[in-house]
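Okay, so here's the structure we're looking at.
The values are calculated or read from the model by the stated rules, or taken from the named source; none is laboratory data. Note that the structure is a prediction, hence the values are computed from the model and not measured. Reconstructed Cβ throughout: ideal geometry from the backbone, glycine too, with neighbour counts over all protein chains shown. Remember, those area values only see protein heavy atoms, side chains included, never the ligands or the DNA or RNA. Shrake-Rupley method; radii C 1.70, N 1.55, O 1.52, S 1.80 Å.
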Amino acid sequence: QAQLVESGGGLVQPGGSLRLSCTASGIHFNVFTMGWYRQAPGKQRELVANIDTTSRRKNYADSVRGRFIVSRDNVKKTVYLQMNNLEPEDTAVYYCNARLSAAAEIWGQGTQVTVSS
């Protein structure tokens, strides 16, 4: 069964760092574009970053460009999100996404990231 499992969330002070991981099972990981989304309370889910199958193309939301780095390891079937210089506005539930097409995508269960002093 296709599954994505996120880890690495938690509480961090402003200016701190966290690294999220998302490990896939039950899918041919190499053919999926992988993405990280987030949803803050009262807001719509938004794309944070995504990465293509070969890691050649990466896209970032304007709000995180220069602070977050997305990467993937196709052998480990894992995608990462390195988050640096975190701000309170980054507080949200972060979701991993595997997308093959509009009709074929999988979501993880989400991991909470809280940035607060």
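Take residue 93 and decide whether it is in a loop (DSSP other than H, G, I, E, B), surrounded by fewer than 21 Cβ atoms within 10 Å (Cβ to Cβ) and hydrophobic (A, V, I, L, M, F, W, C).
So residue 93 does not fit the description; no.
May I ask you to verify whether residue 67 is modelled with pLDDT of 95 or more, basic (Lys, Arg) and more than 19 Å from residue 31 (Cβ to Cβ)?
Taking the combined requirement at face value, the residue satisfies it.
Does any residue of region 99-110 turn out to be open to solvent by 50 Å² or more (accessible area, probe 1.4 Å), acidic (Asp, Glu) and part of a strand (DSSP E or B)?
Within region 99-110, one or more residues are open to solvent by 50 Å² or more (accessible area, probe 1.4 Å), acidic (Asp, Glu) and part of a strand (DSSP E or B).
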